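What follows is one structure encoded as structure tokens, with my remarks underneath.
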Amino acid sequence: MKDEEIDVFEKTISQLESLHFEISILSKKSQNDALNTFKLKLVNQVLIQSNRVLGKDYKPFSDFENFDENDLPSNSDVALVLSQYLNCMESFREKNIFSKVDYSHGRIDKTYWYWNDTKRETYPPKNIKK
């Protein structure tokens with residue numbers, strides 16, 4: 001990935017995480033209430049950007065692009081979709097990173113994670129079990 005693509009990815013996943021956090025709180029309070037139009041427009045902007053980043057191979061649902069603004073979804077529906085997008089973004093990231101291990105005295109000293117074809121460091125995959 002190019003630096004510009006990584007920048008877009010990192011911005012998009014940050015926005016997805018923030019929206020998921022906020023809407024999950026709303027969903028716990030009143031899961032069946034409809035999301036208001038302002039929030040839905042923000043969610044749709046981030047979903048559209050996520051679709052561009054993920055492409056057809058990593059999109060969570062092949063027939064879903066974004067929510068219909070004329071048919072407001074419930075808080076829990078939006079939380080569910082955002083959760084699916086977060087998981088797919090992480091799968092996409094895992095396919096585009098690699099690790100480098102430093103050894104000291106025959107033992108692993110530290111593991112670094114980088115984006116493929118760059119020297120840009122990132123965090124470890126979230127599904128690694130310690």
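Points worth noting:
- Looking only at segment 52-79, and only at residues there that are touching an Asp or Glu at 6+ places or on another chain (Cβ under 9 Å) and open to solvent by less than 20 Å² (accessible area, probe 1.4 Å), the one that is nearest to Ser14 (Cα to Cα): Asn75
- The condition of being assigned to a helix (DSSP H, G or I), of a type in the set (A, V, I, L, M), open to solvent by 50 Å² or more (accessible area, probe 1.4 Å) and over 21 Å from Lys95 (Cβ atoms) holds for Ile48.
- Restricted to segment 42-63, and to residues there that are of a type in the set (Val, Ile, Thr) and in contact (Cβ under 8 Å) with a residue 24 or more places away in the chain, the residue that is nearest to Tyr123 (Cα to Cα) is Val53.
- Within segment 80-130, being part of a loop (DSSP other than H, G, I, E, B), open to solvent by less than 50 Å² (accessible area, probe 1.4 Å) and closer than 27 Å to Ser62 by Cα holds for Asn96, Asn116, Pro125.
- Qualifying residue in segment 25-41 (condition: modelled with pLDDT of 95 or more and under 23 Å from Asn127 (Cβ atoms)): no
- Residue within segment 27-38 that is within 15 Å of the chain's Cα centre (by Cα) and open to solvent by 70 Å² or more (accessible area, probe 1.4 Å) present: no
Here is a yes/no grid of residues against (1) touching a Ser or Thr at 6+ places or on another chain (Cβ under 9 Å); (2) over 29 Å from Trp113 (Cα atoms); (3) of a type in the set (Ser, Thr, Tyr):
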site: Ile25; (1), (2), (3): no, yes, no
site: Asp33; (1), (2), (3): yes, yes, no
site: Thr37; (1), (2), (3): no, yes, yes
site: Lys41; (1), (2), (3): no, yes, no
site: Phe64; (1), (2), (3): no, yes, no
site: Leu82; (1), (2), (3): yes, no, no
site: Cys88; (1), (2), (3): yes, no, no
site: Ile97; (1), (2), (3): yes, no, no
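The values are calculated or read from the model by the stated rules, or taken from the named source; none is laboratory data. Since this is a predicted model, take the numbers as computed values, not measurements. Quick reminder, even Gly has a Cβ in these numbers, built from the backbone with ideal geometry, and neighbours come from all protein chains shown. For the accessible areas, the whole protein counts, side chains as well, though only heavy atoms, and no ligand, DNA or RNA atoms are used. Shrake-Rupley method; radii C 1.70, N 1.55, O 1.52, S 1.80 Å.
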